[in-house]
Amino acid sequence: LFCTGFIADGAKELMKKICNCQSVLKARTPNSAGYSYYGEYPLSFAASTGNAELYELLADRGADPNRQDLLGNAVLHMLVIHNKTELYRLALRHPSQPADQQLRNLARLNPVSLAAKLGRRDAFNEIIGLGSSEMWRYGNITCRVFPLTGLDTIGPDGRTDWDSTLLHIINGNSEQHLDMLDEGVIGQLLAEKWHKYARSRFVQRLIMIILHLLIMTFAIYMRPLGSATAKQGSVQIGDNYTEYNTTAAPTLPAKM
């Protein structure tokens, strides 16, 4: 394992020189479609191929699941990219080498936000379920709480989190993203946001628009019409006076 880690460390500089442009591209688009991308470490390769026995063997020998490659992806990121949800629980809750679920790659994506961006519906539901805590259970009814850090658009400091999971799902352009909006914690979160904040602001703006239209309509129909009386006057040009006579044409109301 020491030899393998040494080779992986030495390969970093070589990969930086050979695949520099590809690494920058894949850091921006973590899908890595079209590349044979299995991570730079044996543990990441075992996770990417879904080999649970090899993963446990390497983890028991001290392999670090939180070690990041050139793109900043660790083991949990690789499981999401290759959609290997069956190993996610093992990697997250390994007794000797548990993986960090809040670790972010160079694109500032943790595993749950990466699953949301790529539209990995099964992986997303698995990650959300593993991050929840069961409060009570009565028969078939279970009450669970879900942490909103990194999930909601509002961060812990009260500012907008532009890397949040919800924004990645909303900005997605696939059918999987649409399905993720209607189910589970995301659907409940959107419903709560609508009832608590969005509905009242929508009603307020709707009332303001209706009042604006009513006032504009009243002002148009009730504006004064132009008179048809003749106006007389004089204009002084030097020492002489020139009389003028103008007639104002009647103004017709505009057709609505």
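Read the figures in this text as sums done on the coordinates, not as results from a lab. As the structure is a prediction and not an experimental result, all values here were calculated from the model. We place every Cβ from the backbone using ideal geometry, glycine too, and count neighbours over all the protein chains shown.
Could you order peptides 106-112, 184-190 by the average number of other Cβ atoms within 10 Å of their residues, highest first?
Put in order of decreasing packing, that is 106-112, 184-190.
Collect residues whose amide H, placed 1.01 Å from N in the peptide plane, falls under 5 Å from the amide H of N73; neighbours closer than 5 in sequence don't count.
Long-range HN contacts for N73: L106.
Please state the equivalent ellipsoid semi-axes for region 78-134: what are the square roots of 5 times the Cα gyration tensor eigenvalues, largest first, in whole Å?
Those come to 17, 13, 11 Å.
Quick check on packing: order 121-128, 166-173 by the mean number of other C-beta atoms within 10 Å, highest mean leading.
Per-residue Cβ counts within 10 Å, averaged per peptide and sorted highest first, yield 121-128, 166-173.
Show the residues, 5+ positions off or on another chain, whose built amide H is closer than 5 Å to the amide H of R144.
M135
Using 0.36 nm per residue of separation minus the Cα-Cα distance, give me the extension gain between E134 and T160 in nm, one decimal.
6.5 nm
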